[in-house]
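Have a look at the structure below before the remarks.
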Amino acid sequence: MSNSAEAPRTWRGNIPVTSLYTAGVGGTLFFRALKERGELLASPCPACKVSYFPAQQFCPHCLAELTETKPVPPDGEVSSFTRVHLDRDGARLPVPVTVVAAKLDGTDTVLVHYWLGKEPPRIGTRTRVRIKPKAKRVGSILDIEGFVPA
């Protein structure tokens, strides 16, 4: 191997890396409304006329700051779904899990979450968000238990 600065090198050992994810302004508003009121918030973009769910701070299309939020109903429609047979480490799950992408009424984007119905849905199935009881909510996306048939 050459000693040049461009030559590939390998260091053996571990590098302790940590990170902290913050929800940002839009996410904080969304999670606070979900935890405190069981309310689902979207962010409408006045320039693009797109309503983002969950609420966010900036429009990814035109980069406009999204300063308003609006409550949206828990009802929507399944846009896509998949059956998951392996966990994140590649181990087989004891029971497959269904995950759906659903667009809530009055919004233009989808939320991906668990399907809680007994049978897998079909695309176009009407669905409803199931939110945990207030005493069990902590301000996370898991305050939404998942989607159920409407």
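The region of the chain that goes longest without hitting one of the GluC sites (Glu not before Pro) in a DSSP loop, each with at most 13 other Cβ atoms within 10 Å, is 69-150.
State whether segment 18-67 is rounded, prolate or oblate according to the following rule on the C-alpha gyration tensor (a ≥ b ≥ c being the square roots of its eigenvalues): a/c under 1.5 gives rounded; otherwise a/b larger than b/c gives prolate, and the remaining case gives oblate. Because a/c hits 1.5 or more and a/b fails to exceed b/c, segment 18-67 counts as oblate.
Apply the a/c threshold of 1.5 to the C-alpha gyration tensor of segment 95-150 and tell me whether it is rounded, prolate or oblate. Here segment 95-150 falls in the oblate category.
Comparing Asp89, Asp75, Asp108 in a Gaussian network model of the chain, where Cα atoms under 10 Å apart are tied by springs, the biggest mean-square fluctuation is seen for Asp89.
Taking square-rooted eigenvalues a ≥ b ≥ c of the alpha carbon gyration tensor, is segment 7-90 rounded, prolate or oblate, where a/c under 1.5 means rounded and, failing that, a/b exceeding b/c means prolate? It comes out prolate by the Cα gyration axes.
You can think of it this way: the chain between Glu6 and His61 has 16.0 nm of extra reach, that is 0.36 nm per residue less the Cα-Cα gap. The value of relative contact order for segment 43-150, using C-alpha pairs under 8 Å at least six residues apart, is 24 percent. The label point for Thr22 and the one for Glu145, both projected 7 Å from the Cα toward the Cβ, are 3.3 nm apart.
Between the DSSP loop rule and a limit of at most 15 other Cβ atoms within 10 Å, which trypsin sites (Lys or Arg not before Pro) in segment 38-129 are left? Intermediate values should be presented prior to the final figure.
On the way: sites: Lys49, Arg83, Arg88, Arg92, Lys103, Lys118, Arg122, Arg126, Arg128; in loops: Lys49, Arg88, Lys118, Arg122.
Listed in order of number, the matching sites are Lys49, Arg88, Lys118, Arg122.
Pair-distance distribution P(r) for segment 53-114, from all Cα-Cα distances in 10 Å bins starting at 0: 19, 35, 27, 17, 2 percent. For the chain, the longest principal axis of the Cα atoms and the long axis of helix 24-37 meet at an angle of about 40 degrees. Of all beta bridges that DSSP places with both ends in the chain, some 95 percent have antiparallel geometry. Only helices enter this figure: runs of n ≥ 4 DSSP H residues, each worth -39500 (n - 2.57), summed and divided by the residues of the chain, yield -3000 deg cm²/dmol at 222 nm to the nearest 500. Which pairs, out of Lys35/Lys70; Lys35/Lys136; Lys49/Lys70; Lys70/Lys134; Lys35/Lys134; Lys49/Lys103, put more than 18 Å between their alpha-carbon atoms? Beyond 18 Å: Lys70/Lys134.
The P(r) of segment 38-150 has a tail past 23 Å containing 36 percent of all C-alpha pairs.
Where a number appears in this text, it was derived from the coordinates with a stated rule and is not lab data. Just so it is clear, the structure is predicted and the values come from calculations on it, not from any experiment. Using ideal geometry, Cβ is built from the backbone for each residue, glycine included, and neighbour counts are taken over all protein chains shown.
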